[in-house]
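Chemist: Pasting in a structure now, in structure tokens, and then I'll have a few things to ask.
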């Protein structure tokens, strides 16, 4: 009898462990019913869209949703999950691109932000904390927010890339005027760039212009946007979000704002660095190599090529730096309309350093340059070389698709 009781208890434990989603108090019903309950109770919603057959969703269940830390973080929220395979239309309604996707919503159903794919438990709990901050502060009169509250809200909104919320939070504050001049300027910069992100580049340029004396601010030219798109598509610059607002001085275009990290401080640094380059060329404290990479990321490959070429001519300390700057220069030449020069540079680099661990990247740049210049024979030869020696790399796939990707731009 005792053995039977033990076996029965073990079976119950195993059943609970295998069922998934067991730790948190999940809403018993669909997302539509959860939103109705949220509106009635005035509670925000945390919705997880998943598929029972998805390995990634199963990992998220085991690593995050069964943990007590997740339940504690989501206290006060209506948490609901929906299997997208069982409920038609969810993918389109919530613009789902990968599973699992977690969507944070206000009680009225408006989206605060989302997390796509699998994340760590720490990242999830941090995201819930940020979403709570948005819920608590977004309804407060922005002019009444303390500096600390404003910074906390901005950090949360930037983490979710919720730039309409950034504009709503900062525009009343900037228009009312802040007593601290440095703070007023900082918020003007963030507001102006965020306006560009939401499609109002004209108003954004006006606010940025007030914060950047000596610099001309205007919507970025189309060629700069195309250059950034090309370089990012082929991974020649690190992923960054760009603001379609350009900075110039004396009618010479410096570049568009492209902060590398998604946080307010990175944005302000990127604007100030680009403004300094626009005004003074290369400001004190920034070497030619760093300025060249900044200009490249900002969609000004012609000026980037000048700075990078000067940095190479001035001498480099070792092979690693030379390869890095040479590849940046080659990609700048491709984007600025000199693909033949890029091919020559790649040839020279691989002749000098045939065993470099960045050979596949160099060949990819060469393939793109040949595709742009119409050198079909050499393009096919490079793609064949990548297929033979670097088939399992991203660079081979990008080179193989170069002509189609160029058409997409």
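The values are calculated or read from the model by the stated rules, or taken from the named source; none is laboratory data. These numbers were taken from a predicted model, which means no experiment stands behind them. Glycine also receives a Cβ, built like all others from the backbone with ideal geometry; neighbour counts cover every protein chain displayed.
Chemist: Do you know which residues across region 207-217 are surrounded by 17 or more Cβ atoms within 10 Å (Cβ to Cβ) and not in a loop (DSSP other than H, G, I, E, B)?
Modeler: Taking region 207-217 first, the residues surrounded by 17 or more Cβ atoms within 10 Å (Cβ to Cβ) are 207-209, 211-212, 215-217.
Passing the criteria: 207, 208, 209, 211, 216, 217.
Chemist: Just the residues that are over 21 Å from residue 86 (Cα atoms), touching a strand residue (DSSP E or B) at 6+ places or on another chain (Cβ under 9 Å) and not in a helix (DSSP H, G or I), please, taken from region 26-43.
Modeler: Of all residues in region 26-43, those over 21 Å from residue 86 (Cα atoms) come to 37-43.
This time we only want the ones that are touching a strand residue (DSSP E or B) at 6+ places or on another chain (Cβ under 9 Å), so: 37-38, 41, 43.
Within region 26-43, just 43 meets the criteria.
Chemist: Within region 369-383, restricting attention to residues that are closer than 15 Å to residue 397 by Cα and touching a helix residue (DSSP H, G or I) at 6+ places or on another chain (Cβ under 7 Å), which residue is surrounded by the most Cβ atoms within 10 Å (Cβ to Cβ)?
Modeler: Quick first cut of region 369-383, residues closer than 15 Å to residue 397 by Cα only: 371, 379-383.
Checking the rest, the ones that are also touching a helix residue (DSSP H, G or I) at 6+ places or on another chain (Cβ under 7 Å) come to 371, 379, 382-383.
On the way: 371: 23, 379: 22, 382: 25, 383: 21.
Looking at residues that are closer than 15 Å to residue 397 by Cα and touching a helix residue (DSSP H, G or I) at 6+ places or on another chain (Cβ under 7 Å), I get 382.
Chemist: Residues being out of contact with any helix residue (DSSP H, G or I) (no Cβ under 8 Å at 6 or more places or on another chain) and not in a helix (DSSP H, G or I): count how many of those fall in region 299-336.
Modeler: Matching residues across region 299-336 total 3.
Chemist: Residue check: is residue 167 assigned by TED's automatic domain parsing to the domain that holds residue 45 and buried (at least 19 other Cβ atoms within 10 Å of the Cβ)?
Modeler: Criteria not met by residue 167.
Chemist: Would you pick out the residues in region 129-164 that are within 20 Å of residue 70 (Cβ to Cβ) and assigned to a loop (DSSP other than H, G, I, E, B)?
Modeler: 160
Chemist: For region 239-271, give me the residue count where each residue is in contact (Cβ under 8 Å) with a residue 60 or more places away in the chain and part of a helix (DSSP H, G or I).
Modeler: Of the residues in region 239-271, 4 are in contact (Cβ under 8 Å) with a residue 60 or more places away in the chain and part of a helix (DSSP H, G or I).
Chemist: Between residues in region 327-339 that are without any contact (Cβ under 8 Å) to a residue 60 or more places away in the chain and residues that are in a loop (DSSP other than H, G, I, E, B) and crowded, with 24+ Cβ neighbours inside 10 Å, which pairs lie under 7 Å by C-beta distance while being six or more apart or on different chains?
Modeler: none
Chemist: Look at residue 196 and say whether it is crowded, with 23+ Cβ neighbours inside 10 Å and touching a residue at least 24 places away in the same chain (Cβ under 8 Å).
Modeler: yes
Chemist: Within region 337-368, how many residues are out of contact with any helix residue (DSSP H, G or I) (no Cβ under 7 Å at 6 or more places or on another chain) and in a helix (DSSP H, G or I)?
Modeler: Result for region 337-368: 5.
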